[in-house]
Each structure stands twice: as C-alpha cells, then as structure tokens.
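The values are calculated or read from the model by the stated rules, or taken from the named source; none is laboratory data. Just so it is clear, the model here is predicted, and its values are computed rather than measured. Ideal geometry is used to build each Cβ from the backbone, glycine not excepted, and the neighbour counts take in all protein chains shown. The accessibility values were calculated without ligands, DNA or RNA, using every heavy atom of the protein model including side chains. Shrake-Rupley method; radii C 1.70, N 1.55, O 1.52, S 1.80 Å.
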Amino acid sequence: YWAGLALFSLIFLVISGVTGRLLALWQTHMIAREANTNGVGIVRAVEERILELEYTIERLCAGKSELFKKYCMQALGSGNFQSKFPAIPVSERPDFQQAHDTLVTRADLLQSCQRQQRARMIMRVWRTAHITLACIALLVISYHGVMELLTNVFHIIAAG
C-alpha cells in the first residue's frame, strides 16, 4: 500500500523543509544586507526612491539642450551610460553633473532592487514547490495510513 512511496515522500518533504529553512536564512540575510547598504531600505522604499530620482532627472532636463535630454533619457531607458559625455553648453554643466550623479544613484538602486526581488522570487518558488510536495506527500501518506488501518488494525480488507 505504497509504503515505500510514503516513506520517500516523507523523506523528501523533510529535506525540502530543511533546504527551505537554509534558503530562507540565506535570502533574508541577502535582503537585509541590500537594505542596509543601499541607503534606502527594502523593495517598496527603493522603488519609491527610484521614481523620485526619475522625476528629478525629468526636472533637470526641462529647458535643456537636446544632447542633455538625449543623454538622460537614454540612460533612464537602458540604464547604460555613455563613456563620453556629450558636448553640452557650459551653462548646463552643473545641472548635467547633478543629473549624471542622480542617474548613477538610480542605477545602483535598480541593481539593489533587482537583487532583493530575485531573493524574494527564490523564496516564492521554493514555497510553491514545497507546498506542492507537501500536498502530494499528505495524499500518499494518508492513503498508506488508511490502507494499513483497514488491513492490519480493523481487518476490514484482507491483506494482499
């Protein structure tokens, strides 16, 4: 009555639980480390700060030359910075430096946000797999337990 399958499902369930606990510790430390080093915090706060930085870039671009705007919008869109700065007018250079610094900060926060989201996704995938395995194990172990009760304890079914 699936005795071997019941045993192995229980073993796999325990291994999955221990693995999940280790994953939880590892990913929690990763998220905490990111939150401490990015200067903003966890994903929601980072996303809000990124949005604020994007608004700052848009305000800095207002009324500026096309090269200034193109550089900023390209960096916002792709996250890549040109190694060579555009030849912008001298009057725009302080704002350009501020925009560049803001873009660098935004890029760093985007990476931090992605690392935190990846850690959350790893935990979500593990939970889904573990819950699925737990449901299957419950069915197999329940079937085995009921059949053993019916055959060996209550003698309702003849042992086959």
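Distance from the C-alpha centroid of the stretch 1-69 to that of the stretch 139-160: 46 Å, rounded to the whole angstrom.
Computed over the chain with a Gaussian network model linking Cα atoms closer than 10 Å, the most mobile of Arg127, Arg118, Arg93 is Arg93. Using a Gaussian network model of the chain in which every pair of alpha carbons under 10 angstrom is joined by a spring, one finds that among Gly145, Gly17, Gly41 the greatest mean-square fluctuation is at Gly145.
Looking at the P(r) of the stretch 92-160, how many percent of alpha-carbon pairs lie beyond 14 Å?
Values: 1796 of 2346 pairs.
So the pairs more than 14 Å apart make up 77 percent of the total in the stretch 92-160.
Along each principal axis, taking the top coordinate minus the bottom one, the Cα set of the stretch 48-126 gives 54, 23, 16 Å in descending order. Computed over the stretch 1-95, the Cα gyration tensor eigenvalues convert (square root of 5λ each) into semi-axes of 52, 15, 11 Å, ordered from largest to smallest. Net length available on complete extension from Val153 to Arg44 is 33.6 nm, with 0.36 nm assigned per residue and the Cα-Cα distance removed.
May I ask you to give the solvent-accessible area per residue for the stretch 20-92, in square angstrom, as obtained with a 1.4 angstrom probe?
Here the per-residue accessible area is 65 Å².
What is the dipole size for the stretch 53-149, taken about its Cα centre, with +1 at each Lys and Arg Cβ and -1 at each Asp and Glu Cβ, in debye to the nearest 20? Before the final figure, lay out the partial values.
On the way: 12 positive and 8 negative charges, 19 e Å.
It comes to approximately 100 debye.
Report, to the nearest whole %, how much of the accessible area of the chain belongs to carbon and sulfur atoms, 1.4 Å probe, protein only.
Values: 6700 of 10460 Å².
With neighbouring chains kept in place, the figure for the chain is 64 percent.
For trypsin sites (Lys or Arg not before Pro), the sites in the stretch 9-108 that DSSP calls loop and that have at most 14 other Cβ atoms within 10 Å are Lys84.
3J(HN,Hα) along the stretch 80-87, derived from phi through the Karplus expression 6.51 cos²θ - 1.76 cosθ + 1.60 where θ = phi - 60°, amounts to 9, 10, 6, 6, 10, 6, x, 7 Hz, with x in place of Gly and Pro.
If I build a Gaussian network model for the chain, linking alpha-carbon pairs within less than 10 angstrom, which residue out of Ile141, Ile57, Ile31 has the largest mean-square fluctuation? Looking only at Ile141, Ile57, Ile31, the biggest GNM fluctuation is shown by Ile141. Taking 8 Å as the Cα distance limit and 6 or more residues as the minimum spacing, I'd like the relative contact order of the stretch 28-87 as a percentage. In percent, rounded to a whole number, it is 18.
Determine the relative contact order of the chain: mean sequence separation of Cα pairs under 8 Å and six or more apart, normalised by residue count, in whole percent. Dividing the mean separation by the residue count of the chain yields 41 percent. The HN-Hα couplings worked out from phi for the stretch 93-106 by the Karplus form 6.51 cos²θ - 1.76 cosθ + 1.60 (θ = phi - 60°) are 4, x, 5, 5, 4, 5, 5, 4, 4, 5, 5, 5, 4, 4 Hz, whole numbers, x standing for Gly and Pro.
Quick one: pull the percentage of alpha-carbon pairs in the chain with a separation above 29 Å. Cα-Cα pairs of the chain separated by over 29 Å account for 51 percent.
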